[in-house]
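> Let me begin by handing over the structure; questions about it come next.
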Amino acid sequence: MRDTGSTDTPILELRDVTTIFGSGAQRTVANDRVSLAMAESPARILSIVGESGSGKTTAARTLLGLQPPTSGKALWRGKDIYSLSRREMTEFRREVQAVFQDPYGIYNPFYKINRVLDMTIRKFKLASSRQEHAALVEEALEMVNLRPPDVLGRYPHQLSGGERQRVMLARAYLLKPKVIVADEAISMLDVAVRAVIMNILLDFKEQRGISTLFITHDLSAAHYLGGDMMVMRRGKVVETGDVDSILTNPQDPYTRLLLDSIPSPDPTQRWSTDLDEIAELEEQAGLAEHRNVVVT
Amino acid sequence: MAGTMDAPQTRLVDAPAQPAPTREPLLEIQDLSIHFRTPRGLARVVDGTTLTIHRNEIVGVAGESGSGKTTLVEAILQIIRFPNRETSGKVLFTPRSGPKIDLMQASDRQMRRLRLDEIAYVPQGSMNSLNPVVRIGNQIVDGMVDHGISASEAKARVPEILERVGLEPKVARLYPHELSGGMKQRVIIAIAISMNPSLIIADEPTTALDVNVQRRILNTLAKLRDELNVAILIVSHDLPVHAQLADRIAIMYAGQFVETGDIVSTVTKPLHPYAAGLMNAIPSIDKPRVRLDGIRGSTPSPLNWPKGCRFHNRCPHAMDICRDVPPSLVPITTGPRETPNGVVEVGPGREAACHLYPESTPTRGANDA
């Protein structure tokens, strides 16, 4: 927000991003002219939905500055993420936060939980006194519904997956980011906890103006979060728009297939067991089961 | 179902088929406990579970991670080899011919004969355990040869087995890396049905798969039940999977079953507060968008289950008695009952372990700690 232009410059943007891995027979187009934009305000949730290998993670990594695109541009406040000055990079790293799938692998098992919060406060010089430091930690943990005594001073293995993921969200919150990029952040968690994590993202949006780019294979989660949705398949964006309008009136056959394949939690609404019917849908979506496997 | 959208066309809106009329017990888990002695104390991972699976029935076991579901099914198959294991209880299995066998007492030789032949196991993530250097056909043949079928006969049966799980016969000549995840899972199911078992135990069979592939796999399992007259015990943390496939469901929490019953009543009118919480935590595109609660707190440790009802510290309905006395899993008397979701009509065949239902409170001195 400092020196950069007007508010209509998106905070994060992909412009015609194509990313190719490998070459020859191994050549995989992970992203094929993918474009998206997230406005700074009002805060919104954008869900990228697609099966494994659809390129949704590559798009997220490109936006996080982790995967330079083969062609096209990844922009933060209109600036190319891959040619930021050091000062801009620090600011970018503060404004755009990541939460990944695996809340187990992300922690160093030898350090107490406090460390991820303490290091963040120190690195970004968020506190000028010890009291301020403690107050920040407490506020962040409260925002994610954790009681400080339940997590502080403990080691990662003493926390459940949901608690660890919430500490990751608390760490992100410390930096007052503009956007959180959450890549399958709930898929390794128990169902009872998933809603808790999604509610935190909704609170962030409603109370703190923090947007979320939510990468998921779960259409029901995208529906729950609301906002916008982008459906990807084999590196391409097949459909994009408001979640409700896509879900009520899917235009692309692939979206229809996904929508039709979600198991309903209501046992009185069962799928038909007619496999031909699914085969037909899959064919329309260009998805025969005998296909080459694509890299995630 | 005040839906925000029309139900997609391919969903049938009538109730699922009732469990097949034969109520002949196939597998009877009776008061089964699996404890492990660890340096930090006794871990009571599975603690007094009772559940019956009938012939040709699909039973779902649901529960969060750490609830003991996988240990339970591993115990059924006697594949837990942890040195400091303590088990008690019985698992009675009724083979095609001959008397019931208590799997907990069965010899290694007896178990070897039962596995695959009578009880097939599809462990979690097993589709990634196919041998990368052996053709699919040979991997299917291996199991059959082990169980006394001649190599030539086994080979001859491969195309039919593959077709049953929706794969083309030519898949037999491929290697695992040439298959998609869904196809690999089908191969695993093909191996499971190769000896025509009477029970398939599948642990999270669709967890890492895309939704459209998941749907196909679940449909395949439903079809196999009808065609092969097989019973299926499916373990999944994913309630919608059970809602789509199971006839009955058993909900596990902290090493014990807290509720069992037919799938429709259990999901639509849950009796146990944990079950009710679980149902309320699941987003659905068929439901209007309202804030879901989730369940506060997290799974306790098997080294230190809470005293009394193990769910009491997370339960919105906890009373004084819940902190001291463990409720027992008992049939709930039918009729209008006060449940976590208000008063509902409770039908027959439902069990719960919760003090909200007085019949679940053990009479003094009758039960253990």
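The values are calculated or read from the model by the stated rules, or taken from the named source; none is laboratory data. The model shown is predicted, which means the values in this text are computed figures rather than measured ones. Virtual Cβ from ideal backbone geometry, glycine too; neighbours counted across all protein chains shown. Only protein heavy atoms, including side chains, enter the accessible area calculation; ligands, DNA and RNA are left aside. Shrake-Rupley method; radii C 1.70, N 1.55, O 1.52, S 1.80 Å.
> Can you grab the distance from the C-alpha centre of the range B:317-367 to the C-alpha centre of the range B:208-265, Å, no decimals?
Each part reduced to its Cα centre gives a spacing of 25 Å.
> To continue, here is another question. Please give, to one decimal in nm, the separation of the simple spin-label points placed at A:ALA37 and B:GLN30, each 7 Å out from Cα toward the Cβ.
7.1 nm
> While we're on this one: Give me the dipole magnitude in Debye, nearest 20, for the range B:125-232 about the Cα centre, with unit charges on the beta carbon: positive for Lys and Arg, negative for Asp and Glu.
Dipole of the range B:125-232, to the nearest 20 debye: 220 debye.
> Assigning unit charges at the beta carbon (Lys, Arg +1; Asp, Glu -1) and nothing else, what dipole magnitude in debye, to the nearest 20, does the protein assembly as shown show about its Cα centre?
So the dipole magnitude of the protein assembly as shown works out to roughly 2200 debye.
> For chain B, with equal point scatterers placed on the C-alpha atoms only and solvent neglected, what are the log10 I(q)/I(0) values from the Debye formula at q = 0.09, 0.10, 0.12, 0.15 1/Å, to two decimals?
Summing over Cα pairs of chain B leads to -0.54, -0.67, -0.96, -1.41.
> Ignoring solvent entirely, what values of log10 I(q)/I(0) come out of the Debye formula for chain A at 0.08, 0.13, 0.14 Å⁻¹ when each Cα is a single scatterer?
At q = 0.08, 0.13, 0.14 Å⁻¹ the computed log10 ratios are -0.38, -0.97, -1.10.
> Suppose we keep just the DSSP beta bridges with both residues in the protein assembly as shown; what percent of those would be antiparallel, to 5?
60 percent
> Give me the lysines in straight-line cross-link reach of A:LYS125: C-alpha distance below 27 Å, same-chain residues under 8 apart excluded.
Cα-Cα hits under 27 Å: A:LYS79, A:LYS112, A:LYS176, A:LYS178, A:LYS205.
> For the range B:53-108, which trypsin sites (Lys or Arg not before Pro) pass both filters: DSSP loop (anything but H, G, I, E, B) and at most 16 other C-beta atoms within 10 Å?
Hits after loop and neighbour filter: B:ARG81, B:ARG96, B:LYS100.
> Under 22 Å Cα-Cα from A:LYS236, which lysines qualify once same-chain neighbours fewer than 8 residues away are excluded?
Straight-line reach from A:LYS236, under 22 Å: A:LYS56, A:LYS73.
> Can I ask one more? Which residues of the range A:221-249 end up with at least 50 Å² less accessible area in the presence of all protein chains than when their chain stands alone, using a 1.4 Å probe?
The answer is A:HIS223, A:TYR224.
> Can you give the Rg to Rh ratio of the range B:200-344, both from alpha-carbon atoms, with Rh computed by the Kirkwood formula?
Over the Cα atoms of the range B:200-344, Rg/Rh equals 0.98.
> Still on this model: How shielded is B:208-218 by partner chains, expressed as the average number of their Cβ atoms within 10 Å of its Cβ atoms?
6
> Where a Cα-Cα gap under 28 Å defines reach, which lysines qualify for B:LYS269, not counting those fewer than 8 residues away within the same chain?
B:LYS69, B:LYS223, B:LYS287, B:LYS307
> Determine one quarter of the surface area of the Cα convex hull of the range A:44-128, which equals its mean projected area, and express it in nm² to one decimal.
That works out to 8.1 nm².
> Give me the distance in nm between label points sitting 7 Å out from Cα along the Cα-to-Cβ direction at B:ARG135 and B:SER107, one decimal.
It works out to 3.8 nm between the two label points.
> Follow-up. Determine the relative contact order of chain B: mean sequence separation of Cα pairs under 8 Å and six or more apart, normalised by residue count, in whole percent.
Taking the mean separation of contacting Cα pairs over the length of chain B, I get 18 percent.
> With each run of n ≥ 4 DSSP H residues scored as -39500 (n - 2.57), what mean residue ellipticity at 222 nm is computed for the protein assembly as shown after dividing by its residue count and rounding to the nearest 500 deg cm²/dmol?
It lands at -9000 deg cm²/dmol.
> Can you give me the % of accessible surface on the protein assembly as shown that is carbon or sulfur? Probe 1.4 Å, all protein chains present, nothing else counted.
50 percent
> Mind giving me the FRET efficiency for B:HIS147 and B:ILE321? R0 is 51 Å, r the Cβ-Cβ distance, nearest 0.05 is fine.
Rounded to the nearest 0.05, the efficiency is 0.50.
> Next up: Using only the alpha-carbon atoms of the range B:267-343 as identical scatterers, what base-10 log of I(q)/I(0) does the Debye formula give at q = 0.14, 0.25 Å⁻¹?
Log10 I(q)/I(0), no solvent term: -0.56, -1.32.
> Sticking with this structure for a sec: Report Rg/Rh for the protein assembly as shown, rounded to two decimals, where Rg is the Cα radius of gyration and Rh the Kirkwood radius.
Here the Rg-to-Rh quotient is 0.97.
> Just report the Cα centroid separation between the range A:95-112 and the range A:187-218, whole Å.
Between the Cα centres of the range A:95-112 and the range A:187-218 lies a distance of 16 Å.
> I've got another one for you. Which are the unpartnered cysteines of chain B, meaning those with no other cysteine Cβ under 4.7 Å from their Cβ?
Result for chain B is B:CYS315, B:CYS354, no neighbouring Cys Cβ within the cutoff.
> Report the one residue of B:LEU51, B:ALA154, A:ALA37 whose Cα lies farthest in the direction of the positive end of the charge dipole of the protein assembly as shown (charges on C-beta: Lys and Arg +1, Asp and Glu -1; origin at the Cα centre).
Farthest towards the positive end: A:ALA37.
> Sticking with the crude label model, points 7 Å out along Cα→Cβ, report the distance from A:MET89 to B:LEU174 in nm, one decimal please.
Placing both labels 7 Å along Cα→Cβ, they lie 4.4 nm apart.
> Counting only heavy atoms of the protein chains, get the accessible area per residue of the protein assembly as shown (1.4 Å probe) and round it to a whole Å² value.
Here the per-residue accessible area is 43 Å².
> Sticking with this structure for a sec: Just to verify a number: FRET efficiency for B:ARG81 and B:ARG157, C-beta to C-beta distance, R0 = 41 Å, to 0.05?
Between B:ARG81 and B:ARG157 the formula returns 0.85.
> Next question. List the accessible area buried at the contact between A and B, summed over both sides and calculated with a 1.4 Å probe, in Å² to the nearest 100.
5500 Å²
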